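One structure is given here, and the rest of the page talks about it.
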Amino acid sequence: MSLPIPRNVRSSLLALLLITLGLPISTSTVRAVPPLIGVVCTYGPTFNLRATTGYIYTPDGNRIFMWSFARSDGPFQVPGPVLCVNQGDTVIINLTNELSEPVSIVFPGQDGVAFSGGTPGLLTQEAPPGGSVRYTFVAREPGTYLYESGTNPHRQVQMGLYGVIIVRPSMGPDYAYNDPSTRFDPRREYLLVLHDIDPYFHAAVEQGLPYDPGAIEDRYWTINGRSFPDSAADNFVPWLPEQPYGALVRVEPYDPTTNPLPALIRYANAGMVNHPFHPHGNHLRVIARDGRLLRGPNGEDTSFEDFTRTVASGQTYDLLFWWTDVEAWSSTGNPVPVQIPGLQNLVFKDGVTFYSGSPYLGEKGELPVGVVSYNQCGEFYFPWHSHALNEFTNFDEGFGGLATLLRVDPPGGCR
Ligand SMILES: [Cu+2]
């Protein structure tokens, strides 16, 4: 379920609080019902895509002209559909070009891509305006991969022609790779696709005006095609019809018997600049880069714990995430013990701001009429964002941009 939120309050804290209401975790990987959070697969192994135009919305009320790959039988969407295949599948991608210039797709990390139809381009075979091309390859290695335009990428990828391919290993869909250590909870699989946008560049392309690619200055940054706080909303919220994928990461505390498996987080950077990216207060285990498990020359496990991971342009990472309840979560007490200092010892920072003496955020006093809780069930929220803080904005207004939230539910889930 999702709540309709007027555009004029979407970027406010109120909107954030509203968004956090009504976010049931997906309890099933049934294909027919796309989950409200987490990765949304389009299944193949044959995919019919079109390169086309449309608009996305930003949390500050802006509207940006985009190009994107969409399903031939579906609406415009940013990013392109997440193409999920199984290791060993022969993947066929039929691309139809609805743009007025040649377009193509390259598949970094895939071997032996063959094509038929189209016309020769610099990097691969292209579909001419109104035409089509077919790409075929065998998905030999499991992992997370980008697919993106191979035609004037500085222009076409910036305009939005990108998406992600997930190759499931032969060990099964509960594993990231063919290694027992990569087993994860399939209810908690998250894909965070990063991208950056210069709205003046997009306006110039829309209006057929000249532009200087060297003068690109990004003003918006997106995860799964959305800027924060829209990124924290459900998949398929009605107010973002062209941006179907949310980016909220939701987990529960690790428990050796009731919740032993980690979440799987997939990063992919479709933007042109590198992004230092982290969830506050938590480390993740980096297990793979660019669709290859981290292993040493003798096959030793070289995965590692990391806080801020810089995701380079064009790069992908796979990370496992166990949230460990080191503060002994209690539903009746505070995880961090608090002794409120005496009033005379509290600091008035600037004559306006009053420090309550508690490490917990929040307000004192009566709740507004109709509000029964500041969150659903005592869950925690952590920011998860680009540490290049200029990117933590929507057109210079913070906070926004390349950010989402980590939600940690109480042990046993939100009841
Ligand atoms: Cu931070």
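Here, each number is a calculation from the coordinates, and none is a lab measurement. Keep in mind that what you see is a predicted model, and the values were worked out from it rather than measured. Methodologically, a virtual Cβ is constructed for each residue, glycine included, from the backbone with ideal geometry; neighbour enumeration extends over all protein chains shown.
Rounded, prolate or oblate: which one fits the stretch 210-276, using the alpha carbon gyration tensor with axes a ≥ b ≥ c (rounded when a/c is under 1.5, else prolate when a/b beats b/c, else oblate)?
oblate
Between the stretch 73-118 and the stretch 259-288, what is the separation of their alpha carbon centroids in Å?
25
So how far apart, in nm, are the two label points at LEU261 and SER181 if each is 7 Å from Cα heading toward Cβ?
Result: 1.9 nm between the two label points.
Just how large is the dipole of the chain about the Cα centre, in debye to the nearest 20, putting +1 at every Lys and Arg Cβ and -1 at every Asp and Glu Cβ?
Dipole magnitude for the chain comes out near 620 debye.
Taking the Cβ-Cβ separation of GLU327 and TYR43 as r and a Förster radius of 41 Å, what is the calculated FRET efficiency to the nearest 0.05?
0.50
Take the alpha-carbon positions of the chain, form their convex hull, and give its projected area averaged over all directions (one quarter of the hull surface) in nm².
If I average the Cα hull's projected area over directions, I get 23.1 nm².
Output the antiparallel fraction of DSSP beta bridges having both residues in the stretch 43-158, as a percent to the nearest 5.
Within the stretch 43-158, antiparallel bridges account for around 75 percent of the total.
According to a simple spin-label model (label point 7 Å from Cα along Cα-to-Cβ), what is the distance in nm between ASN390 and GLN207?
Taking the two extended label points, one gets 2.4 nm.
Rounded to the nearest 500, what is the chain's calculated 222 nm mean residue ellipticity when only DSSP H runs of at least 4 contribute -39500 (n - 2.57) each, over all residues?
-1500 deg cm²/dmol
Apply the a/c threshold of 1.5 to the C-alpha gyration tensor of the stretch 238-286 and tell me whether it is rounded, prolate or oblate.
Here the stretch 238-286 falls in the oblate category.
Starting from the 7 Å offset along Cα-to-Cβ, what nm value, one decimal, do you get for the label separation of ALA215 and GLU379?
Each label point is offset 7 Å from its Cα along the Cβ direction, giving 4.5 nm.
Among 214-223, 191-200, how do they line up from the highest to the lowest mean number of other beta-carbon atoms within 10 Å?
Descending mean neighbour count gives 191-200, 214-223.
Which of PRO180, PRO276, PRO256 moves most in a GNM of the chain, Cα contacts under 10 Å?
PRO256
Given R₀ = 51 Å, FRET efficiency for THR96-LEU343 by Cβ-Cβ distance, to 0.05?
It comes out at approximately 0.15.
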